[in-house]
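Chemist: One structure is given below, represented as structure tokens, and several questions about it will come after.
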Amino acid sequence: QVPDTTEIKIDPVKNTLIRTGVPSILNPFDRNAVETALQLKDTYGASVTVLSMGPPQAKAVLREALSMGADRAYLITDRAFGGSDTYDTSYILSSAIRHLGPFDVVLGGKQAIDGDTAQVGPEMAEHMDLPHVTLATGVEMADGKLHVTRDTDEGHDLVEVSLPALVTVTKTTYDPRYPTIKSKMAANRAVIEE
């Protein structure tokens, strides 16, 4: 969950984001990662679990991912996590993923639009000792491996990676799906474990 950057103001004294009164949204790069997971689900029969680290109100973006088609959602929350930097966040998320395990692919957005560091995904891969690919625009399975298309300054790369693996997604060739009224109602009734 990130603040909607179209309505962000900067504190002139602290030079930080003023989050009070700013609506929160599902990070657009993470929306692309959810859609990538759902594409894998549609093609290969995968199960999609989404998780977010944040305060209780972050359940709203988890419900949004459920309404898109994710199967399960978990909120990783504790007051002690407040103010976490990228290292702390990546450690907490990777610990939660290991706890929920087993998994074949961990997908995340390339970066959060409120921090723009692009560090959490690769740091998670390091914590979990996973191969990882960044800046993915497409992900497919073939011969028991992940085939990832990624953007470069010169064009595109096709990277083959063994499973399990972590991939961070940027803009994809397919647009994220829109939830239906029925899927939104089901997501509103869903239990999100903490």
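The values are calculated or read from the model by the stated rules, or taken from the named source; none is laboratory data. For clarity, every value in this text was computed on a predicted model and none was experimentally measured. In this analysis, Cβ positions are derived from the backbone assuming ideal geometry, glycine residues included, and neighbour counts consider all displayed protein chains. To get the accessible areas, we keep the full protein, side chains included, count just its heavy atoms, and leave off ligands, DNA and RNA. Shrake-Rupley method; radii C 1.70, N 1.55, O 1.52, S 1.80 Å.
Chemist: Per Stokes-Einstein, at 10 °C and 1.306 mPa s, what whole-number D in µm² s⁻¹ belongs to the chain, with the Kirkwood radius over Cα pairs as the hydrodynamic radius? Mind showing how you got there, number by number?
Modeler: On the way: Rh = 17.3 Å.
The calculation lands on 92 µm²/s.
Chemist: Leu163 versus Thr117, label points 7 Å from Cα toward the beta carbon: distance in nm?
Modeler: Result: 3.1 nm between the two label points.
Chemist: Just from its helices, what would the mean residue ellipticity at 222 nm be for the chain, if runs of 4 or more DSSP H residues each count -39500 (n - 2.57) and the sum is divided by every residue, rounded to the nearest 500 deg cm²/dmol?
Modeler: Numbers: 5 runs with 60 residues, N = 194.
Result for the chain, helices only: -9500 deg cm²/dmol.
Chemist: Then there's this: On average, how much accessible surface per residue is there in the range 101-164, in Å², for a 1.4 Å probe, leaving out ligands, DNA and RNA?
Modeler: Ligands and nucleic acids excluded, the figure is 55 Å² per residue.
Chemist: So which aspartates and glutamates can Lys145 reach, going by Cα to Cα under 13 Å and dropping same-chain residues fewer than 8 places off?
Modeler: Asp104, Glu160
Chemist: Fully extended, how many nm does the chain gain between Asn188 and Ser95 (0.36 nm per residue separation, minus their Cα-Cα distance)?
Modeler: Numbers: separation 93, 0.36 × 93 = 33.48 nm, distance 2.69 nm.
Extending this stretch completely gives an extra 30.8 nm.
Chemist: Grab the Cα-Cα distance for Tyr174 and Asp129, subtract it from 0.36 nm times how many residues apart they are, and report the gain in nm with one decimal.
Modeler: 13.2 nm
Chemist: What residue among Arg79, Arg98, Arg63 has the largest mean-square fluctuation in a Gaussian network model of the chain, using Cα springs under 10 Å?
Modeler: Arg79
Chemist: Just to verify a number: FRET efficiency for Val13 and Asp153, C-beta to C-beta distance, R0 = 41 Å, to 0.05?
Modeler: 0.60
Chemist: May I ask which residue of Thr36, Pro179, Thr86 lies farthest towards the positive end of the charge dipole of the chain, with charges of +1 (Lys, Arg) and -1 (Asp, Glu) on Cβ and the Cα centre as origin?
Modeler: Pro179
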